[in-house]
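Beneath this line is the structure, given in structure tokens, with notes to follow.
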Amino acid sequence: MAITKKDVEHVAKLARLGLSEEEIELFTRQLSAILDFAGSLQKLDTKNILPTSHAIPMKNVLREDKVVTCQNTEDILANAPAEEDHMFRVPRIIE
Amino acid sequence: MNKKTAHELNNLLVNKKISSVELTKAVLDRIDKTEGKVQAYVTVTREDALKQAKAADSRISELPDTRIPLLTGIPIAIKDNMCTKGVLTTCSSKILANYIPPYNATVVEKIKAAGAVIVGKANMDEFAMGSSTENSGLHPTYNPWDLERVPGGSSGGSAAAVAANECILATGSDTGGSIRQPASFCGVVGFKPTYGRVSRYGLIAFASSLDQIGPLTKDVTDTAILMNVLVGYDPKDSTSVNQPVPDYQKALIDNVKNLKIGYIKELLGQGIDQEVKASIEQAMKKLEELGAKLIEVSMPSFEHAVATYYLIAPAEASSNLARYDGVKFGHRSKEAKDLLTMYYNTRREGFGAEVKRRIMLGTYALSAGYYDAYYLKALKVRTLIKQDFDRAFMKYDVLLSPTAPSIAFKFGEKTADPLAMYISDIATIPINLAGLPAISLPCGFSKKAPIGLQIIGRAFDEETVLRAAFTYEQNTDWHKQIPEL
């Protein structure tokens, strides 16, 4: 199944991924080839087959919702690209 | 002494024939001499390692011999996707080039508690996406057996560091073969435990239903020793299983009499290099001589394993990697006039080509209109693959195949065609999709490059895998070969 340049641009937008013109060209070609290859799965009859999301049975694990003090705020904030008054600074989001 | 295994060195350390400081210095000297050629490390933690070595030496002098943990004072390398508190952890990506974790991964805590000396962080394919370490966003790693060949991937730095004696043992992570395939290419032992055996708290996520941490070592005994340190339930990882943990060293039994081994027909036919096939057949003959029963088994669903994996893994990755948005940690683009351009430009500048390709592929497979045809279909085929294994394990104790269809390939050989690179994972991918334990161990050479034998076990039956691997190893000497560098 061939995918178009427009498909690639749409998916890049969904993924919040900036791509150059060359990358859009390249991925249009490469993703088409990979999806063609993956298309072979369509031949398999899976009508009565349940999907497997985890190989080992898993269940949701919940814990008590409890307030605790964060011990290493400084170490965490040291990784922030921009920080002010113990908060992450980001570009303006509301006019 | 850096050529020795952990269990040999433990003996020398406990009997005070050597000190951990001497051993650690020998490893650091080796790193100084060979890193120019191999480039296995992203970061070498020289000073911290020597401090840890000193602490290990005092622990050895204080504790009674029998109470000294086996890894005390042994230099180890950690794959750079496992968080080390206060030590750069890049995942070999530009987007995390300056990331200093505020906490340790659970496996790092366990390794430290066991007294091992962390000498550095090992290079890898960016975000563990790749089969050659050529996708590292920082620099390539070279195969110690032949510098023109790749070390495999994604744990290529870990495997190369062990093979080049730039550490005694190492950790890796395996999503579609990322421990076993580099172990095969570098002539060392690599083990992926059952999904859920090892806590992934602090492991930078790639594909959460597939990722698992495991050892890379010089022999099977060291693998069992490091397994004993790594495994166990962790409340911080809700996918880690609360199951009794055996002593894996007790599984090191030199006996495969009447063990039923199924060799996988589909992994010894088309697409497998003749030299690899010949080595595997020799290994099968050896195991037969040692008393095992070898029977051919067919796994028809394997034909579809690569396609299945390359939908599921990118889908999970596209979701996991959404967190790299330039807000709280990692790279942020300077071209960020509003929130959207900050996201677009941060991710454009920070991710390499393969990571972008997989985010695109995964986002597409999950997007409206394509979810059923691609992602859901792949999950159903995953069930078929699991059923093939279930059927096989009703008859056989372990399964056998080559770890990779070829020896280590040369740089650039597969980079132009992503599909060619993906297909090289054919022998390892089905095991991750089914969540099973599997080991790769050296079983021969072709053109002076190592060949790996893969042994696969039932879920949570790491012991039978170790027993078969140990028996083969004790009766051959492939694992004693050392590359000339």
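The values are calculated or read from the model by the stated rules, or taken from the named source; none is laboratory data. Only a predicted model underlies this, so the values are computations on that prediction, with no experimental measurement involved. Positions of Cβ are backbone-derived with ideal geometry, glycine not excepted, and every protein chain shown enters the neighbour counts. The protein model used for the area step is the full one, side chains on, heavy atoms only, and it has no ligands, DNA or RNA in it. Shrake-Rupley method; radii C 1.70, N 1.55, O 1.52, S 1.80 Å.
For the stretch B:45-89, a residue qualifies if it is open to solvent by less than 10 Å² (accessible area, probe 1.4 Å), assigned to a loop (DSSP other than H, G, I, E, B) and closer than 16 Å to B:Ile31 by Cβ, and the qualifying residues are B:Ile74, B:Asp80.
Selection of the stretch A:1-50 for residues being at the interface with another protein chain (Cβ under 7 Å from one of its Cβ atoms), more than 19 Å from the chain's Cα centre (by Cα) and open to solvent by less than 20 Å² (accessible area, probe 1.4 Å) yields A:Ala38, A:Leu41, A:Thr46. Out of B:Lys328, B:Lys334, B:Lys386, one residue alone is in a helix (DSSP H, G or I) and either open to solvent by 10 Å² or more (accessible area, probe 1.4 Å) or not assigned by TED's automatic domain parsing to the domain that holds B:Ala434 (or both). It is B:Lys386.
Determine whether the stretch B:407-415 contains at least one residue that is within 14 Å of chain A (Cβ to nearest Cβ) and under 21 Å from A:Ile34 (Cα atoms). For the stretch B:407-415, residues within 14 Å of chain A (Cβ to nearest Cβ) and under 21 Å from A:Ile34 (Cα atoms): present. Taking each residue of the stretch A:47-68 that is of a type in the set (Val, Ile, Thr) and looking for partners that are in a loop (DSSP other than H, G, I, E, B) and surrounded by 10 or more Cβ atoms within 10 Å (Cβ to Cβ) with beta-carbon atoms closer than 6 Å, six or more apart or interchain, yields A:Ile56/B:Tyr195; A:Ile56/B:Gly196; A:Ile56/B:Gly435; A:Val61/B:Ser238.
Looking only at residues of the stretch B:459-482 that are open to solvent by 10 Å² or more (accessible area, probe 1.4 Å) and in contact with a strand residue (DSSP E or B) (Cβ under 8 Å, 6 or more places away or on another chain), we find that the one that is nearest to B:Thr5 (Cα to Cα) is B:His479. Every condition in (1) assigned to a helix (DSSP H, G or I); (2) closer than 30 Å to B:Gly412 by Cβ holds for B:Pro151 except the one numbered (1). Within the stretch B:393-423, being assigned to a loop (DSSP other than H, G, I, E, B) and more than 19 Å from the chain's Cα centre (by Cα) holds for B:Tyr396, B:Asp397, B:Phe411, B:Gly412, B:Glu413, B:Lys414, B:Thr415, B:Ala416, B:Asp417.
Of all residues in the stretch B:179-194, those that are open to solvent by 10 Å² or more (accessible area, probe 1.4 Å) have Cβ atoms under 7 Å from Cβ atoms of residues that are part of a helix (DSSP H, G or I), 6 or more apart or on another chain, in B:Gly187/B:Ala163. Specify the residue that is farthest from the other protein chains (Cβ to nearest Cβ); the eligible residues are those in the stretch B:439-451 that are over 13 Å from B:Val220 (Cβ atoms) and under 18 Å from the mean Cα position of the chain (by Cα). Only one residue tops the list, namely B:Pro450. Exactly one residue out of B:Met342, B:Met360 is facing chain A (nearest Cβ under 7 Å) and more than 30 Å from A:Glu95 (Cα to Cα): that is B:Met360.
Comparison of B:Ser155, B:Ser136 shows that the only residue that is within 28 Å of B:Phe302 (Cα to Cα), buried (at least 24 other Cβ atoms within 10 Å of the Cβ) and not aromatic (Phe, Trp, Tyr) is B:Ser155.
Candidates B:Pro215, B:Pro246, B:Pro235, B:Pro193: the one that is under 25 Å from B:Thr471 (Cβ atoms), within 14 Å of chain A (Cβ to nearest Cβ) and not hydroxyl-bearing (Ser, Thr, Tyr) is B:Pro193. Examine the stretch A:51-73 for a residue that is more than 7 Å from chain B (Cβ to nearest Cβ), in a helix (DSSP H, G or I) and open to solvent by 70 Å² or more (accessible area, probe 1.4 Å), and state whether such a residue exists. No: zero hits. Looking at the stretch B:393-401, can you tell me whether even one residue there is within 13 Å of chain A (Cβ to nearest Cβ) and in contact with a Phe, Trp or Tyr (Cβ under 7 Å, 6 or more places away or on another chain)? No, because not a single residue in the stretch B:393-401 is within 13 Å of chain A (Cβ to nearest Cβ) and in contact with a Phe, Trp or Tyr (Cβ under 7 Å, 6 or more places away or on another chain). Determine if the stretch B:299-321 includes at least one residue that is more than 10 Å from chain A (Cβ to nearest Cβ), open to solvent by 20 Å² or more (accessible area, probe 1.4 Å) and not in a helix (DSSP H, G or I). No, because not a single residue in the stretch B:299-321 is more than 10 Å from chain A (Cβ to nearest Cβ), open to solvent by 20 Å² or more (accessible area, probe 1.4 Å) and not in a helix (DSSP H, G or I).
Out of everything in the stretch B:345-354 that is open to solvent by 50 Å² or more (accessible area, probe 1.4 Å) and more than 20 Å from B:Ala365 (Cα to Cα), what residue ends up being farthest from the other protein chains (Cβ to nearest Cβ)? Step by step, filter the stretch B:345-354, then rank; the result is B:Glu349.
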